[in-house]
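The values are calculated or read from the model by the stated rules, or taken from the named source; none is laboratory data. Not measured: the values here are computed from a predicted model. Cβ: placed from backbone, ideal geometry, glycine included. Neighbour counts: every protein chain shown.
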Amino acid sequence: MPLPADTDATTPKYLRDKYAIVGVGETTYTRGSDKTTRAMGSWALRNAIADAGIKATDIDGMLDYSGNDSTSATFIAGDIGTRLNFYMDCIGGGSSTEALVGLAIGIMEAGLCKCVAIFRSMNGFSQVRIGGTGARSLAPVNGDALHNRAYGWQSAGQSFAPTFMRHMYDYGTKPEQVAMVKVVHSEHASNNPKAYYKKRYTVDDVLNSRIICKPLHLLDCCVETDNATAIIVTSVDRAKDMRHTPALIRGIVGRCSKPRMDMHYQHGPISTVAGYYAKNILWPNSGVGPEDIDAVGAYDAFTFTSMLQLEDYGFCKKGEGGEYVSSGITRLGGRRPQNTSGGHLCEGYTHGMNMVIENVRQLRHDVDDSCPIGPDGKRQHTYDYREGGCRQVKNIEVTANLGWANPMTGSAMVMRRGA
Amino acid sequence: MPVRGEYLGMALTIDDLDGENVTYFKHCSEHNFHLQKCDECALVRYPPTSGCPWCSSPKSTWVPVEGKGEVHSYNEVHHAIQPAFKAVTPYMLLLVDLDTQKGQPSEHEALRVAGNLMTPDGKFAPPEMVKKIGIGSRLRMVFSDVSPGLSIPNWTIDEDAKQPEKPWRYPQE
């Protein structure tokens, strides 16, 4: 949908449309990369540099995030052959991508550097497993962890489940409604040659898969994969010389949180998540609202995380998320498709960055599906969304990414198609 | 000397300098549940912290708190992640709203105390007991002894309380 005509896109305060994502890249999504996070990080970044049509030495800022399971910017910068004027390695997983784009804009606006690469590199299956099995599960239990890990309350699913369960209690949300998140994202993944899981699943498949931790079945949980992803952010002035239509950054909210961050369950309603607070920054900063968004990347570490965020950011009324995600709105061809690459549930797990990459490609109108490539080097999209077909959203202009760390903390970003 | 213990095969440690947790678990080891009460605003808080989440005062006094309440939410783990818990699945992780200070200082707040569902004598609840418990169930605290100076608060059915006719449970058993 075009932006509202009265949107003031020039307000310096908000830096709307002044910075853009100009390059995106990733490794393959695998289980068993047989590579270090260092090798994968520089691989993804080289792909992003080639995608942007710049030289490695054009990058003079670098940001990345990890849970002590990755490689610092210092090594990646060396391996791609550039000298940095700014870098920062951050601790964190989901919700980091959008927040770091915000920091990238801040440091460029402050004159600290001119072109920032952001990466996430992880062997989330073959080294430090995202689900918490292996090394993470064996770590000694000290001090504050006695109040959670000593109770077998450790993995993301275990940690978030009281939120999901209480949502079902508060609003009557049904398992078969929530399962539709997986169904729809798997349909989209079947049109994504890169996706780790390309199979289309049904509601029955989800409900008949084994219970991991109520209310989560195996197929309510994302995939664990090895991969690296990278994006390049720079000013719109610099973007003019680059290869692709830039994805202009309209507005960001970063790691916005609920009260009682020491233990967020102390403050309710616990079925409400960080988006409840974050929306009040995201939409005014972006100058748009949920109704203006053509496609969403709603962080799907679990089926529930997508649904909860859609509610709290205002895509539907609070408590009506189950109805919303099972209405067809979120499908390719629907009013507001989401996680068009298949997301974390199917494409691969990269702590949010792959959903930003997908929206950048969507906004270029050049998403990498199986449609034939035309003489101009761009895909000739058919908009036939049947299995193995197209996944380009028609005439897409504005996207939102809703990043999730946990029920307490989230980040989000609105982008629009540049000229 | 740090407080150490082994619980279900997990090594638990509280460092000497972690005064709040040392005191919290020392009371638990005597099978008393104590929480910090703010010396300024008089609100009680959970879990232990170094300052008041409502008024930021660093000053507090440990006070006894009744270990009784109602299940606010839960999860039921069928596929354990930590090796320690694989032998006790399905196990329940409970968030229990204590009766003390429920709805204060705002309607959505409560002392929401975590713990596993146990039998009255402190063993992990068997599957048939797990199936009886849901949102709204009335529970009382029991302690699992780990080592001298270290016991962990957990939950069991409050036999003396009036239980809801049908506590809310996830629809798929």
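In the stretch B:76-99, the residue that is modelled with the lowest pLDDT out of those that are touching a Lys or Arg at 6+ places or on another chain (Cβ under 8 Å) and within 28 Å of B:E30 (Cα to Cα) is B:Q82. No other residue among A:D300, A:D294 is touching a His at 6+ places or on another chain (Cβ under 8 Å), in contact (Cβ under 8 Å) with a residue 24 or more places away in the chain and charged (D, E, K, R) apart from A:D300. Strands (runs of 3 or more DSSP E) fully within the stretch B:1-65 that include at least 2 residues being facing chain A (nearest Cβ under 9 Å): B:10-14. The sole residue among A:S159, A:S155 that is facing chain B (nearest Cβ under 7 Å), touching a residue at least 24 places away in the same chain (Cβ under 8 Å) and under 26 Å from B:P90 (Cβ atoms) is A:S155.
Assess whether A:N227 counts as being farther than 28 Å from A:H365 by Cβ, at pLDDT 95 or above and among the polar types (S, T, N, Q). When the stated conditions are applied, A:N227 does not pass them.
Within the stretch B:77-117, being part of a loop (DSSP other than H, G, I, E, B), at the interface with chain A (Cβ under 8 Å from one of its Cβ atoms) and in contact with a Phe, Trp or Tyr (Cβ under 7 Å, 6 or more places away or on another chain) holds for one residue alone: B:L111.
Condition check ((1) of a type in the set (F, W, Y); (2) surrounded by 14 or more Cβ atoms within 10 Å (Cβ to Cβ); (3) in contact with a helix residue (DSSP H, G or I) (Cβ under 7 Å, 6 or more places away or on another chain)) across all residues:
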site: B:G103; (1), (2), (3): no, no, no
site: B:N116; (1), (2), (3): no, yes, yes
site: B:G122; (1), (2), (3): no, yes, no
site: B:E128; (1), (2), (3): no, no, no
site: B:I135; (1), (2), (3): no, yes, yes
site: B:R140; (1), (2), (3): no, yes, no
site: B:I152; (1), (2), (3): no, yes, yes
site: B:T156; (1), (2), (3): no, yes, no
site: B:E165; (1), (2), (3): no, no, no
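Cβ separations smaller than 6 Å between residues 6+ apart or across chains give the following pairs from the stretch A:260-274 residues that are more than 19 Å from B:L35 (Cβ to Cβ) and more than 8 Å from chain B (Cβ to nearest Cβ) to residues that are among the charged types (D, E, K, R) and not in a loop (DSSP other than H, G, I, E, B): A:S271/A:R166; A:S271/A:D170; A:V273/A:D312. Among the conditions (1) surrounded by fewer than 24 Cβ atoms within 10 Å (Cβ to Cβ); (2) closer than 21 Å to A:C222 by Cβ; (3) within 14 Å of chain B (Cβ to nearest Cβ), the only one that A:F125 does not satisfy is (3). Scanning the stretch A:48-59 for residues that are within 19 Å of A:G78 (Cα to Cα) and surrounded by fewer than 18 Cβ atoms within 10 Å (Cβ to Cβ) turns up A:A50, A:K55, A:A56, A:T57. Could you please find all residues in the stretch B:1-19 being surrounded by fewer than 18 Cβ atoms within 10 Å (Cβ to Cβ) and not hydrophobic (A, V, I, L, M, F, W, C)? Residues satisfying the conditions are B:P2, B:R4, B:E6, B:G9, B:T13, B:D15, B:D16, B:G19.
Of the helices (runs of 4 or more DSSP H) that lie entirely inside the stretch A:109-219, those containing 1 or more residues that are among the basic types (K, R) span A:135-138, A:156-171, A:175-189. Taking the stated definitions as given, is B:Q172 buried (at least 20 other Cβ atoms within 10 Å of the Cβ) and modelled with pLDDT under 95? In short, no.
Yes or no: A:L207 of a type outside the set (S, T, Y), surrounded by fewer than 19 Cβ atoms within 10 Å (Cβ to Cβ), modelled with pLDDT of 95 or more and within 29 Å of B:Q82 (Cα to Cα)? In short, yes. Within the stretch A:279-308, the residues that satisfy the criterion of being at pLDDT 95 or above and in contact with an Asp or Glu (Cβ under 8 Å, 6 or more places away or on another chain) are A:K279, A:D294, A:G297, A:F302, A:T303, A:F304, A:S306.
Scanning the stretch B:147-161 for residues that are modelled with pLDDT of 95 or more and either away from chain A (no Cβ under 14 Å) or touching a Leu at 6+ places or on another chain (Cβ under 8 Å) (or both) gives B:I152, B:N154, B:W155, B:T156, B:I157, B:D158, B:E159, B:D160, B:A161.
Taking the condition touching a His at 6+ places or on another chain (Cβ under 7 Å) and crowded, with 18+ Cβ neighbours inside 10 Å, does A:G93 pass? Taking the combined requirement at face value, the residue satisfies it. Residues that are in contact with a strand residue (DSSP E or B) (Cβ under 7 Å, 6 or more places away or on another chain), surrounded by fewer than 23 Cβ atoms within 10 Å (Cβ to Cβ) and away from every other protein chain (no Cβ under 14 Å): does the stretch A:314-336 have at least one? Yes; the residues of the stretch A:314-336 include at least one that is in contact with a strand residue (DSSP E or B) (Cβ under 7 Å, 6 or more places away or on another chain), surrounded by fewer than 23 Cβ atoms within 10 Å (Cβ to Cβ) and away from every other protein chain (no Cβ under 14 Å). Mind checking whether some residue in the stretch A:8-21 is among the hydroxyl-bearing types (S, T, Y), modelled with pLDDT under 95 and part of a helix (DSSP H, G or I)? Yes, some residue in the stretch A:8-21 is among the hydroxyl-bearing types (S, T, Y), modelled with pLDDT under 95 and part of a helix (DSSP H, G or I). Among the residues making up the stretch A:11-42, those that are out of contact with any Asp or Glu (no Cβ under 9 Å at 6 or more places or on another chain) and among the hydrophobic types (A, V, I, L, M, F, W, C) are A:A20, A:I21. Taken over the stretch A:130-144, the criterion of being facing chain B (nearest Cβ under 9 Å) and touching a residue at least 24 places away in the same chain (Cβ under 8 Å) is satisfied by A:G131, A:G132. Taken together, the residues in the stretch B:162-173 that are within 14 Å of another protein chain (Cβ to nearest Cβ) and touching a Gly at 6+ places or on another chain (Cβ under 9 Å) amount to 6.
Entry remark, the stretch A:23-57: residues being outside any helix (DSSP H, G or I) and either closer than 22 Å to A:V128 by Cα or under 20 Å from the mean Cα position of the chain (by Cα) (or both) number 14 in total. Would you check if A:Y299 is in contact with a Lys or Arg (Cβ under 6 Å, 6 or more places away or on another chain) and either within 16 Å of A:Y171 (Cα to Cα) or crowded, with 20+ Cβ neighbours inside 10 Å (or both)? Taking the combined requirement at face value, the residue does not satisfy it.
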